[in-house]
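Here is the structure we will look at.
The values are calculated or read from the model by the stated rules, or taken from the named source; none is laboratory data. Predicted, not measured: the structure shown is a model, and the values here were computed from it. Here the Cβ is made from the backbone with ideal geometry for all residues, glycine too, and neighbour counts use every protein chain on show.
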Amino acid sequence: MMTPMRFTHAVRYDAPVAEVHTMLTDAAFREKASWSQGVESVEVQVDGSTVRIEMVQPNTDIPSFARAFAGETTRAIQTEHWADDLSADFSVATPGKPAGIHGIRRLVADGDGTLDTFEGEAKAKIPLIGGKIESLIKDKLVQGWDQESVVGAAWLAGER
């Protein structure tokens, strides 16, 4: 039985929780942050407390063994169901591929700022190379989250 790869990640914003939550549930922000990650296409939908981001990402930055499995691009659907202004069920699904990420995204007050945290797991149901694929999708999420925080810091400073 394969064990999912558990991991955590956090970024910090110099803004209160309420402002960060408002930004993270703004379709224009999420689209801008997605484009900054080099996606080929993106569609963002915000419906009440649910944020859904569907994107196509090029796979030029992954090793050839993974590209053979993933193809030249990956369609990813990121979904966040915000229970309140502080936490959301978070998932990334890759339709047609047996790999994804799920966990909890939390916003935590940190002095006059906010920690945007993730705790969850990457899972790839692929014999022999599943662990390597889990590591790759975890790394892509972390890189994307870090890039989103760069765009977020500028957004919170008024660059829209």
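A few points about this structure:
- Evaluating Lys97 against the criteria (1) charged (D, E, K, R); (2) surrounded by fewer than 17 Cβ atoms within 10 Å (Cβ to Cβ); (3) modelled with pLDDT under 95 leaves one unmet condition, (2).
- Residue selection: Val44 fails the criterion of being surrounded by 15 or more Cβ atoms within 10 Å (Cβ to Cβ) and over 27 Å from Ala99 (Cα atoms).
- Inter-residue pairs, beta-carbon under 6 Å, first of a type in the set (Asp, Glu) and in segment 69-95, second at pLDDT 95 or above, 6+ apart: Glu80/Val51; Glu80/Ala88; Glu80/Phe90; Asp85/His21; Asp89/His81
- Candidates are the residues of segment 106-120 that are out of contact with any helix residue (DSSP H, G or I) (no Cβ under 8 Å at 6 or more places or on another chain) and in contact (Cβ under 8 Å) with a residue 12 or more places away in the chain; the one that is nearest to Thr74 (Cα to Cα) is Gly120.
- Of all residues in segment 13-63, those being in contact with a helix residue (DSSP H, G or I) (Cβ under 8 Å, 6 or more places away or on another chain), within 14 Å of Arg106 (Cα to Cα) and either of a type in the set (S, T, N, Q) or part of a strand (DSSP E or B) (or both) number 1.
- Residue list for segment 92-111, restricted to those being of a type in the set (D, E, K, R) and assigned to a strand (DSSP E or B): Arg105, Arg106, Asp110
- Within segment 1-11, the set of residues being surrounded by 14 or more Cβ atoms within 10 Å (Cβ to Cβ) and over 22 Å from Thr50 (Cα atoms) comprises Pro4, Met5, Phe7.
- Taking segment 50-93 as the range and being under 21 Å from Leu115 (Cα atoms), surrounded by 13 or more Cβ atoms within 10 Å (Cβ to Cβ) and small (Gly, Ala, Ser) as the test, the residues that pass are Ser87, Ala88, Ser91.
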